[in-house]
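The values are calculated or read from the model by the stated rules, or taken from the named source; none is laboratory data. Not measured: the values here are computed from a predicted model. Here the Cβ is made from the backbone with ideal geometry for all residues, glycine too, and neighbour counts use every protein chain on show.
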Number of protein chains: 2
Amino acid sequence: MAKKSEKNSLVEICPIRNVVARFGNKWALLIIMLLHENGSTRFNRLGKMIPDISTKVLSGTLHTLEADGLLTRTVFPEVPIRVEYELTDTGHSLVPIINTLTQWALEHMQDILAHRKAFERTEG
Amino acid sequence: MAKKSEKNSLVEICPIRNVVARFGNKWALLIIMLLHENGSTRFNRLGKMIPDISTKVLSGTLHTLEADGLLTRTVFPEVPIRVEYELTDTGHSLVPIINTLTQWALEHMQDILAHRKAFERTEG
């Protein structure tokens, strides 16, 4: 049985886990940063900027971000049809946080990679 | 073919994607916050604090965080054996970023959930 203090910390974290989990998607972070840097961007161009993402995963991630209101999807009725994605204000408001995260990762990357290597040797 | 500016932004993001991807794990974020709040904590107690995580996923996430040097695992040779997990300095250094993330999520949660609902209706 969890103690009261444990329950409190869980309750405190739980309601927002659903929203925080979006960050758990590395593609979502990358797409937000690319749209921030490039402005309104076509689907195909996004795909070229992230060569290791499949069309299905790119499409699914964009769909989720659109549902959350972090970006808009605009269809231009041209031939061939043109679809562009653009960050909303809410989407833009995430950029400083992602930048902080990226900065932290840059600062600690060497340590973390070295630690992983040493850890694998210990386990091997 | 990607343009030069697109390649640059990709190169800039790529090397740290591997580290940033850790954030992509909602369990990792939650475990770091719980260890920050509770200090050195036994495996079973962590499991009780996160009722919806399986033993296998908890164990795997702790293992990854240990490999990255974000927490330490200490085995106390008692009967029954006691295993405790504790954040390292690197692990603690993530806490302010996770707090900012959590704060953002709290501020935008209602908007995001409302947007999702409206979006589902449009699609339905």
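Some notes on this structure:
- Flag if A:ALA105 is part of a helix (DSSP H, G or I) and either acidic (Asp, Glu) or more than 16 Å from the chain's Cα centre (by Cα) (or both): no
- Selection from the range B:99-117 of residues that are surrounded by 12 or more Cβ atoms within 10 Å (Cβ to Cβ) and not polar (S, T, N, Q): B:LEU101, B:TRP104, B:ALA105, B:LEU106, B:GLU107, B:HIS108, B:MET109, B:ASP111, B:ILE112, B:LEU113, B:HIS115, B:ARG116
- When the range B:24-48 is filtered for residues that are facing chain A (nearest Cβ under 10 Å) and touching a strand residue (DSSP E or B) at 6+ places or on another chain (Cβ under 8 Å), the ones remaining, listed by number, are B:LEU34, B:HIS36, B:THR41, B:LEU46.
- Residue-level check: of (1) away from chain B (no Cβ under 11 Å); (2) over 12 Å from the mean Cα position of the chain (by Cα), A:LEU58 misses just (2).
- Filter pass, A:GLU37 being in contact (Cβ under 8 Å) with a residue 12 or more places away in the chain and not β-branched (Val, Ile, Thr): no
- Boolean, A:HIS92 is farther than 21 Å from A:SER59 by Cα and either touching a helix residue (DSSP H, G or I) at 6+ places or on another chain (Cβ under 8 Å) or surrounded by fewer than 16 Cβ atoms within 10 Å (Cβ to Cβ) (or both): no
- Single condition A:PRO80 does not satisfy, out of (1) within 23 Å of the chain's Cα centre (by Cα); (2) away from chain B (no Cβ under 14 Å); (3) surrounded by fewer than 14 Cβ atoms within 10 Å (Cβ to Cβ): (1)
- All positions within the range A:47-61 that are of a type in the set (A, V, I, L, M, F, W, C) and either surrounded by fewer than 20 Cβ atoms within 10 Å (Cβ to Cβ) or modelled with pLDDT of 95 or more (or both): A:ILE53, A:VAL57, A:LEU58
- Scanning the range A:62-77 for residues that are surrounded by 13 or more Cβ atoms within 10 Å (Cβ to Cβ) and among the polar types (S, T, N, Q) turns up A:THR64, A:THR72.
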